[in-house]
Structure formats: structure tokens, C-alpha cells
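Colleague: After the C-alpha cells below, expect a handful of questions from me.
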Amino acid sequence: MKANRWMRSLLVAVCLACAGLFAISAAPSEVSAQDTDAITMEFIGFGVNPDFYAIVQGSKLSGKSLVIYKIGGKGPSLVYPLAGVSLDKALNSREVAPFGIQKGSGVASMTAPAGYQLGGMVIGENLQLTLSAGGQSMTLGYAQIFSNPLKTKQAQISIKGAFWTPDSKRVVIILNQKLDGDWPVDTDMVAAYTLG
């Protein structure tokens, strides 16, 4: 029993070490808000190629869209407006179907199936995203925190959700930022990482 627990701890430590060597991160996709336009993001699932994933993004000004991202890519790979179209119909459309998005295919948890824990810590003007297991930890990346134009007030940032592939090699993290005052912000943003 003790040997099994020791082997599992060693395996998680090795996975974290490998992740540190092979982590490929995408800078969080930031969606800024003007006035009080709340931007929301909801994770839908990973594609047949799990480097691709889908988000439903919504706002009062632009409505809802199905957005396909590639981990490590620059911006969206595809934006499919959902005005008058159901999510299922959009997923099966000629434009979206080649990505093979599997609805609900991510494991929603702050803890990866492999056992390491996702966390975040504010450092200056950034949120540092980390993975930890036992006494070991590694940095996944950083998300810039919004502030007012005079830099006198910073947004409150939180991890809204994390979605893993079953093998724990990919994670999509949805963050939320809220800032009140003369320049209010209430927006979600997404960060995604591939682990070796």
C-alpha cells in the first residue's frame, strides 16, 4: 500500500517535471469590455485533435458565438455566430464539423485527472497560473490583470473553471475579471496550455 502511494507520488512528480520541460502556453485570449458589456465564456469541448477546443462566447452587444481556438494559436481559428442557430446545429455545420468538437469532452476540475492541482496567485499586474503536486510546483503562464487608465485600481480576477483532456496533457482555463468605477469591466478570458 505504501509502495503504491510512493509510486503514485513519484509518477505525479515526474509528470510535473516533464510538464515544466514541455509546456507550450498560449497567452490568454483577452476580450476587453467597453462600458458595462459583460462578456461570458462557456467551455464546450475538445476537438478530435485535442489541440482545438470550442467556447461559447456571449455579450450584450454582439450576442453569442461558437468560437474555436487552437492551443498555442494566435486568436480564434473560427467564429460561428449563434443568432437563430442552436449549438448542436452549429457543431454539425459545414464550417465547424471538420474540427470534430466533442460536446462535454473536457474533465471539469481544478485538479487534473493525473492528480496535480491548478492554482493562481496575483503577482503585481499578473495572475500567475501554477500546477502543484505534493511539495512541487511549476508555472503554466501569466494572465494580465486589467486596471483603470490611471492604474490606480486593479480588477478582481478569479479562475472560473478548468477543463482537462482525460490524459491531463491539455487544459483550458476560463478566467473572470471584474472592475467597477468609471471604467467598469466584467469579462471572461481564456488561457490554454499543452503539457508534455
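Since every read-out is calculated from the coordinates, none of them should be taken as a lab result. Note that the structure is predicted; figures quoted are calculated from it, not measured. Neighbour counts are summed over all protein chains in view; Cβ atoms, including those assigned to glycine, are modelled from backbone coordinates with ideal geometry.
Colleague: Determine, from the Cβ-Cβ distance of Gln136 and Ser109 and an R0 of 25 Å, the FRET efficiency 1/(1 + (r/R0)^6), rounded to the nearest 0.05.
Modeller: Efficiency computed from Cβ-Cβ geometry: 0.85.
Colleague: So which lysines pass the test for Lys169, namely a Cα distance under 18 Å, with those fewer than 8 places away in the same chain ruled out?
Modeller: Of all the lysines, those that pass the test against Lys169 - Cα under 18 Å, at least 8 places apart if same chain - are Lys70.
Colleague: A follow-up question, please. Could you give the length gained on full extension between Gln154 and Arg94, defined as 0.36 nm per residue of separation minus the Cα-Cα distance, in nm?
Modeller: 17.4 nm
Colleague: Go ahead and run the numbers for FRET between Val79 and Lys178, Cβ-Cβ distance against an R0 of 22 Å, rounding to 0.05.
Modeller: Working from the Cβ atoms, E equals 0.35.
Colleague: Listing Tyr193, Tyr116, Tyr53 from the residue with the fewest other Cβ atoms within 10 Å to the one with the most, what is the order?
Modeller: Going from sparsest to densest Cβ surroundings: Tyr193, Tyr116, Tyr53.
Colleague: Which order results if Trp164, Trp183 are arranged by neighbouring Cβ count within 10 Å, fewest first?
Modeller: Lowest count first: Trp183, Trp164.
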